[in-house]
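Undergrad: Here you go, one structure.
The values are calculated or read from the model by the stated rules, or taken from the named source; none is laboratory data. Model, not experiment: these values are computed from the prediction. Cβ atoms come from the backbone with ideal geometry, glycine included; neighbour counts cover every protein chain shown. Remember, those area values only see protein heavy atoms, side chains included, never the ligands or the DNA or RNA. Shrake-Rupley method; radii C 1.70, N 1.55, O 1.52, S 1.80 Å.
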Amino acid sequence: MGRRLRVHLDPCGGIAGDMFCAALAHARPDLRDDLLLCLSRLALPPGIEPRFEAHIDHSLAGLRFVVPLARTPESGEMPASQGDRQHRHEHAHGHGHEHDPGHGHHHHEHSPPHGYARHGHVPHARIRDMLTRSALAPAVRMHALGIFALLAEAEARVHAVPVDQVEFHEVGAWDSIVDIVAAAFWIDALDAVSWSHEPVPLGRGTARTAHGLIPLPAPATLHLLEGIEVVDDGIGGERATPTGAAILRYLRTIGSVPAIASSRMRPLASGYGMGTRSLPGRANALRATLYEYESREVVPTADHVLRIDFDIDDQSGEDLAVALDILRARSDVLQVVQWPVFGKKGRLGMRIELLALEQAQEAVIAACFEQTTTIGLRVQDTQRRLLARREVCATADAGPVRVKLCERAASHTAKAEMDDLALRATNHAQREALRRNAETQALQGPREPPEGKP
């Protein structure tokens, strides 16, 4: 048994970058100084000194992550006070969205990075270059760049422009950079095997901008939440900021799972990151819970198979495709793959590789000679290592979907059968929704010991 860490997020009030950082700092106060030291490597302008403040909301105690805003040399202006801050969306081509105060959320009004005018536009490439040249630890730098890249890609989709042409108005500001770098610090410092979360409150309503009303969630936020489970809890306004959604999206690329599904877990600590907006009947908080769990020792089974490979340069592509389908359909053939190769005299050909049952050597070799034009092939005895897996059937309105469950050290993983998805859905969005539902249902089902399969 190995001890691992899992972090579970509960966005009761919503999620924003500062709430994410405050929740983890509340859960791990021993790492707060390390975080502030990390942020000091950004060479922040004078007067911008991030800090944590205790806050109570609906009798629930937590922290706020505060980034004081300094006077900017370019404008000579002082930003609004902490109590007057309103969240503004980042937007491509500098179209900053300023919210109606009734929709104000958790985040800060932004002070621009040093060297930019207060109302100037910050190119994504400029932010990327600044982070790349920073003195941040390599892993922190990598995570921060990854989160910013997701924001840029979302904005590029919203405005139908190349990513390199995206310019941020507010998200390029120092306090947003601080939020994202702080999030990157926590991802690196905790080194969790997996991150999971409850459904994200979607929010509703509109935000007033310089260019008119936009619906909530903001377009970039909605792009970032694609594929992530959300819920409408009846409370309007902006509940997830683009930065918060980008952090969740990034976590899914480094080991996020849809729900906690591991036994023998033990909660180690929990923390609450508080937003600035007051919500009716609940605390505007994001809870982070750190779990230690014992990962099961998963020992892959071992067996021996035949690996047969040969090259083809004199059989038409359409006939070879038919031949390989016939070989693939044999019960004693486990896998057939192909890839292009250059043979003698620079001829373009195909290399074919089969995995077959050891006891079927002669029959499979004979079939290869019968179906293809090869006049020679190579045969190797190969050892395989297999994780235990089994197939279950998930029910859906469109019909049953087969799902393969695989046992791993940290948890089970699920993979829906694409043939079933293609049969029961007519477009990508429907297939993705059906896949998520089927895999979630399979993961939440009974956990009988899976049987090995050759």
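Undergrad: Go through the range 365-390 and give me each residue that's surrounded by 10 or more Cβ atoms within 10 Å (Cβ to Cβ), β-branched (Val, Ile, Thr) and not in a helix (DSSP H, G or I).
TA: The answer is Thr372, Thr373, Thr374, Val379, Thr382.
Undergrad: To continue, here is another question. Just to check your reading of the model, which residue among Gly273, Gly237, Gly227 is in contact with a Lys or Arg (Cβ under 8 Å, 6 or more places away or on another chain), at pLDDT below 90 and surrounded by 15 or more Cβ atoms within 10 Å (Cβ to Cβ)?
TA: Gly237
Undergrad: Take the conditions assigned to a strand (DSSP E or B), open to solvent by 50 Å² or more (accessible area, probe 1.4 Å) and touching a Pro at 6+ places or on another chain (Cβ under 8 Å) and apply them to Cys406. Does it pass?
TA: No; evaluated as a whole, the condition is false for this residue.
Undergrad: Could you list all residues from the range 327-348 that are surrounded by 12 or more Cβ atoms within 10 Å (Cβ to Cβ) and not polar (S, T, N, Q)?
TA: Across the range 327-348, the qualifying residues are Leu327, Arg328, Arg330, Asp332, Val333, Leu334, Val336, Val337, Val341, Gly343.
Undergrad: Name the residue, out of Val161, Val178, that is within 29 Å of Leu290 (Cα to Cα) and open to solvent by less than 30 Å² (accessible area, probe 1.4 Å). Quick ask: steps written out before the conclusion?
TA: Working: Val161 fails: within 29 Å of Leu290 (Cα to Cα).
Every option except Val178 fails the conditions.
Undergrad: Using the structure shown, decide if Thr413 is open to solvent by less than 70 Å² (accessible area, probe 1.4 Å), among the polar types (S, T, N, Q) and either in contact with a helix residue (DSSP H, G or I) (Cβ under 6 Å, 6 or more places away or on another chain) or not in a strand (DSSP E or B) (or both).
TA: No, not satisfied.
Undergrad: How many residues are open to solvent by 70 Å² or more (accessible area, probe 1.4 Å) and either touching an Asp or Glu at 6+ places or on another chain (Cβ under 9 Å) or within 16 Å of Ile187 (Cα to Cα) (or both) if we restrict to the range 127-141?
TA: 1
Undergrad: Of everything in the range 181-199, what is assigned to a loop (DSSP other than H, G, I, E, B) and open to solvent by less than 20 Å² (accessible area, probe 1.4 Å)? Give them in sequence order.
TA: Residue satisfying the conditions is Ala192 alone.
Undergrad: Go through Leu42, Leu36 for me and flag whichever is out of contact with any Phe, Trp or Tyr (no Cβ under 6 Å at 6 or more places or on another chain), assigned to a loop (DSSP other than H, G, I, E, B), surrounded by 14 or more Cβ atoms within 10 Å (Cβ to Cβ) and not hydroxyl-bearing (Ser, Thr, Tyr).
TA: Leu42
Undergrad: Moving on to the next point. Do any residues in the range 264-283 that are within 26 Å of Val66 (Cβ to Cβ) have Cβ atoms under 9 Å from those of residues that are β-branched (Val, Ile, Thr) and open to solvent by 60 Å² or more (accessible area, probe 1.4 Å), where the two are at least six apart or on different chains, and which pairs are they?
TA: That search, which allows pairs on different chains as well, returns Met274/Ile56; Ala283/Ile56.
Undergrad: Could you list, in sequence order, all residues of the range 1-33 that are in a helix (DSSP H, G or I) and either surrounded by fewer than 16 Cβ atoms within 10 Å (Cβ to Cβ) or in contact with a helix residue (DSSP H, G or I) (Cβ under 6 Å, 6 or more places away or on another chain) (or both)?
TA: Looking only at the range 1-33, we keep the residues that are in a helix (DSSP H, G or I), and these are 17-27, 29-33.
Listed by number, the residues that qualify are Gly17, Asp18, Phe20, Cys21, Leu24, Ala25, Pro29, Asp30, Leu31, Arg32, Asp33.
Undergrad: Quick check: anything in the range 349-358 open to solvent by 50 Å² or more (accessible area, probe 1.4 Å) and either among the polar types (S, T, N, Q) or assigned to a loop (DSSP other than H, G, I, E, B) (or both)?
TA: no
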